[in-house]
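A quick write-up on the structure given underneath.
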Amino acid sequence: MPTENFAETTTSISFNQIHSLPLRIWHWGTSLAITATLITVLLASTLFKTKNNISMVQEQLQQKGVTVSANQARSVAHEYSDKLWDTHKIIGYVISFLLLARLIIEIAQPSEQKMKMKIRNASSFQSNNIIEKNEQKHYLFVKRIYLFFYAAILIMAITGLGLAFEDTPWLKDFQKTLRSIHSFVQYIIYGYIVIHLVGVLLGEAGKHKGVVSGMIHGNKS
């Protein structure tokens with residue numbers, strides 16, 4: 001990753017990245033929360049998918065001498081799915097809180113560490129050095145990807161909260177739309193995760209070494 005210390009009046013770029021402790025805690029907390037919510041989606045769509053477990057419930061009960069209809073077995077199988085989605089909902093509340101925390105961190109950080117200032121300084125940086133110009137382009141690309149990610153997570157959180165409070169009278173008419181948006185944006189999140197992981201691996205293997213350690217210890221050297 002390129003530097004976080006662009007200055008408008010400098011003629012060279014320092015390639016140290018400094019991540020504050022609150023930002024590092026937020027990063028890893030958000031990573032864990034998103035991973036957990038993706039796991040619940042995966043399990044709910046595969047192992048605990050209701051229609052895939054109806055016959056299993058019938059077979060297990062039949063072994064105990066109890067015969068139930070498919071509809072009765074569906075009710076039992078659906079309980080597992082409901083519990084999983086309840087867990088998904090709780091994790092969604094955590095992600096919503098983390099988004100609010102990220103906003104607070106951004107407001108509380110020193111001016112030079114605010115994302116807006118970093119992007120502004122990086123955009124205004126001028127150099128005739130081709131290496132520095134390439135680093136500048138890379139840096140701005142990464143920051144814009146981050147902004148895109150924040151926007152996607154915000155949309156996921158808002159639509160998720162709308163789905164979680166489906167019994168609220170004024171939200172009932174929007175459930176189908178909220179569900180469609182929520183489902184679509186999840187694929188954007190999947191794409192971002194892949195791009196992010198590939199970018200980190202390429203950086204560690206190339207000229208941007210120390211990306212991971214920087215997010216653990218606070219700086220990249």
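Brief remarks on what is shown
- Exactly one residue among GLY162, GLY210 is crowded, with 17+ Cβ neighbours inside 10 Å, at pLDDT below 85 and of a type outside the set (A, V, I, L, M, F, W, C), and that residue is GLY210.
- Between HIS88, HIS78, the distinction of being more than 27 Å from GLY203 (Cα to Cα), at pLDDT below 90 and of a type outside the set (A, V, I, L, M) belongs to HIS78 only.
- Scan of region 84-110 for residues that are surrounded by 13 or more Cβ atoms within 10 Å (Cβ to Cβ) and either basic (Lys, Arg) or not in a helix (DSSP H, G or I) (or both), ordered by number: LYS89, ARG102, GLN109
- Within region 169-206, the set of residues being under 22 Å from ILE18 (Cβ atoms) and surrounded by fewer than 12 Cβ atoms within 10 Å (Cβ to Cβ) comprises GLY206 only.
- A count restricted to region 37-46 and to residues that are small (Gly, Ala, Ser) and buried (at least 16 other Cβ atoms within 10 Å of the Cβ) stands at 1.
- Residues being surrounded by 13 or more Cβ atoms within 10 Å (Cβ to Cβ) and assigned to a helix (DSSP H, G or I) - total across region 53-69: 6
- Restricting attention to region 111-135, the residues that are under 26 Å from the mean Cα position of the chain (by Cα) and assigned to a loop (DSSP other than H, G, I, E, B) total 1.
- Test: SER127 is modelled with pLDDT under 85, touching a helix residue (DSSP H, G or I) at 6+ places or on another chain (Cβ under 7 Å) and among the hydroxyl-bearing types (Ser, Thr, Tyr): yes
The values are calculated or read from the model by the stated rules, or taken from the named source; none is laboratory data. Remember, it's a predicted structure, so these values are computed and weren't measured experimentally. Ideal geometry is used to build each Cβ from the backbone, glycine not excepted, and the neighbour counts take in all protein chains shown.
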